[in-house]
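Please treat every number below as a calculation from the coordinates, not as lab data. Small disclaimer: the values here were computed from a predicted structure and weren't measured. Positions of Cβ are generated from backbone atoms using ideal geometry, with glycine treated the same way; all protein chains shown enter the neighbour counts.
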Amino acid sequence: MDQAGNRAVALAPGRVEGHFWLGANLGLTADQVVQETRRCMSCGYCMDCEKCWMYCQDQAIEKPMQRGVVYGWKLQNCTGCSKCKEICPCGYIEMA
């Protein structure tokens, strides 16, 4: 995997007119396919999935009434259990 998060793809060795070339793209292995399906496509931004709000047992997360508005936090209610961070599919939540 490179720094941009792109995954390496296996290439079949080949030959063209006496010169070596990289060959054909063999695609992903079965394990790579599973890893790819688990990746989030939000680029680290909240995508309003509501999981943090649903899993917070302390009611420390304020769900906005309209989509696209950032969720709020009631820090006085937060116990630091990190369930919201663990369940967040896009890595938006960071615990201090």
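In terms of surrounding Cβ atoms within a 10 Å radius of their Cβ, 36, 62 rank from fewest to most as 36, 62.
Close amide H pairs (under 5 Å, H built 1.01 Å from N) link residue 61 with 74, residues at least 5 positions away or on another chain.
Dipole magnitude for the stretch 42-96: about 40 debye, using +1 per Lys or Arg Cβ and -1 per Asp or Glu Cβ, origin at the Cα centre. Rounded, prolate or oblate: which fits the stretch 42-96 when a ≥ b ≥ c are the square roots of the eigenvalues of the alpha-carbon gyration tensor, with rounded for a/c under 1.5 and prolate only if a/b beats b/c? Taking the square roots of the gyration eigenvalues as a ≥ b ≥ c, the stretch 42-96 is oblate.
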